[in-house]
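J.: Mind looking over this structure? Questions follow.
The values are calculated or read from the model by the stated rules, or taken from the named source; none is laboratory data. Model, not experiment: these values are computed from the prediction. Glycine gets a Cβ as well: all are built from the backbone with ideal geometry, and neighbour counts include every protein chain shown.
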Amino acid sequence: MLPAEKDAFIARLQQLSPTPPLLYPALPGRLTAINGQPVNESANKDERALNRDLSLSWSAELPPGNRLLAGDWWPSAASGPRKPGNPDLPGVSVEAELAKKLQIKLGDRLSFSLGAAQRDAQVRSLRELHWDSLQPNFYMVFEPGALQDLPVTYLTSFYLPPQQERQLIELARAFPAVTLLQVDVLLAQLRSILAQVTLAVEWVLLFVLAAGLSVLFAGLQSTLDERTRQSALLRALGAERRLLNQARLREFALLGATSGLIAALGCELVSALLYNLVFKISWHPHPWLLVLPLLGAVLVASAGLLGTRRALNASPLTVLREG
């Protein structure tokens, strides 16, 4: 959004959205040096944030959804003098994770390239952000007055009820210089892609299950002669057919239940690691996975009984004579 349209755009949004929007100034800039050392010579020169422009902003107040982890926010003009530090440098607040990767600490001097302009700033605070808040977030937030002489655009986010989507078209026509991104459309597309990926994974798992059953049948066929002789010997000694069937059922059901239990525990462990270490979201157990031992017992028992049925159908007298 262009600065000239700021007031009119805010007034229009206040009529459409139930929550008043907050506009944030934004301009691209690249971090070029830390304490006078060029970033391309630092140990973290491969960090992605050093090889692209960052979206920079300024704010007199701590933005919503941000939490200070170290340092202090700069005082307003009416609250007194600036905190101790270099009085010739404006302050900048850095996102905590980025500061950790780049080994930036309070009091460091950062140099930025903003097109033809150069700016230096002193790190006054480190912030924690909630990137999943769907609100504009910035790695670097400057003290007011540090960048106000440079051309900027404005960012905001707002909620529009689904029944008012037509008014979004009218808003775009009234402000042609404004770029509107419908997050719900992006999320719907993302859900569609994830659904297709999930379907593909499910088909792969079905093929893996079929392959596992094939391996089970192959293993049973390789030991079928031995099982036939054992069954014939037990029946010759007086074992009933029902007893032998129960023994086979318990054997294969225990094997299937153990496999299902290992699969359930492995799934829970992998999902917990992905949730906590990769996606950084809260993990909850999945009780429905307890059905896997039961399902495994049923499948493996059925396949085992089917694959070894010839062992009981053979005549004990014939088997013992051939042996």
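J.: Among residues belonging to segment 248-271 that are among the aliphatic types (A, V, I, L, M) and farther than 19 Å from P287 by Cβ, point out the one that is farthest from the chain's Cα centre (by Cα).
T.: Pass one, segment 248-271, residues among the aliphatic types (A, V, I, L, M): 249, 253-255, 257, 261-265, 269-270.
Next cut, farther than 19 Å from P287 by Cβ only: 249, 253-255.
On the way: L249: 43, A253: 37, L254: 36, L255: 35 Å.
Selected residue: L249.
J.: Looking at S113, S125, can you tell me which residue is of a type in the set (S, T, Y), in contact (Cβ under 8 Å) with a residue 12 or more places away in the chain and touching a Leu at 6+ places or on another chain (Cβ under 7 Å)?
T.: Answer to the selection: S125.
Results for (1) within 30 Å of P136 (Cβ to Cβ); (2) touching a residue at least 40 places away in the same chain (Cβ under 8 Å), shown as yes or no for each residue.
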{"residue": "L181", "(1), (2)": "yes, no"}
{"residue": "V185", "(1), (2)": "yes, no"}
{"residue": "V201", "(1), (2)": "no, no"}
{"residue": "F207", "(1), (2)": "no, no"}
{"residue": "L233", "(1), (2)": "no, yes"}
{"residue": "E251", "(1), (2)": "no, yes"}
{"residue": "L255", "(1), (2)": "no, yes"}
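J.: May I pose another question? Taking segment 114-133 on its own, how many of its residues are touching an Asp or Glu at 6+ places or on another chain (Cβ under 9 Å) and either among the polar types (S, T, N, Q) or not assigned by TED's automatic domain parsing to the domain that holds G65 (or both)?
T.: Total satisfying the criteria: 2.
J.: Right, here's the next one. Within the set of pairs 6 or more residues apart or between chains, which connect a residue that is on the phi > 0 side of the Ramachandran plot inside segment 133-156 to a residue that is surrounded by 15 or more Cβ atoms within 10 Å (Cβ to Cβ) and assigned to a loop (DSSP other than H, G, I, E, B) with Cβ atoms less than 8 Å apart?
T.: L134/S157; G145/P90
J.: Please specify each residue of segment 206-234 satisfying the condition of being among the polar types (S, T, N, Q) and surrounded by 12 or more Cβ atoms within 10 Å (Cβ to Cβ). So that I can check it myself, show each step before the final result.
T.: Just the residues of segment 206-234 that are among the polar types (S, T, N, Q), to begin with: 214, 221-223, 228, 230-231.
Hits for segment 206-234 are Q221, T223, T228, Q230, S231.
J.: Also, I was wondering about something else. Search segment 141-190 for residues being out of contact with any Asp or Glu (no Cβ under 9 Å at 6 or more places or on another chain) and of a type in the set (G, A, S), and hand back the single one that is surrounded by the most Cβ atoms within 10 Å (Cβ to Cβ).
T.: It comes out as A146.
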